[in-house]
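Participant: Have a look at the structure that comes next, please.
The values are calculated or read from the model by the stated rules, or taken from the named source; none is laboratory data. Here the structure is a predicted model, which means the values were calculated and not measured. Positions of Cβ are backbone-derived with ideal geometry, glycine not excepted, and every protein chain shown enters the neighbour counts.
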Amino acid sequence: MLDTTRISSKGQVVIPKRVREALGLKPGDPLLVGVQGDMIVIRKLILDDLVTESLENHRRGKTLSHEETFEDLL
């Protein structure tokens, strides 16, 4: 699904209704925002994803910052 939007003068972006509905996004939902190459990636942040990633890193003996853990979720 593709849709278009614009950046406001305050740097805000409206996520189109079709996309919000498809992902079940509601006001206040946490989103992970990152950059991959020349793309902006916005992903719904689900607590289970963060817990699973953190446990996997712990199992491998990795100590990562929150930012590094979030990057692995993109």
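Condition check ((1) touching a Pro at 6+ places or on another chain (Cβ under 8 Å); (2) polar (S, T, N, Q); (3) at pLDDT 85 or above; (4) over 27 Å from ASP3 (Cβ atoms)) across all residues:
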| position | (1), (2), (3), (4) |
| --- | --- |
| GLY24 | no, no, yes, no |
| GLN36 | no, yes, yes, no |
| GLU56 | no, no, no, yes |
| GLY61 | no, no, no, yes |
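Participant: So, of the residues in the range 63-74 that are part of a loop (DSSP other than H, G, I, E, B) and farther than 20 Å from LEU2 by Cα, which turns out to be modelled with the lowest pLDDT?
Facilitator: Result: LEU64.
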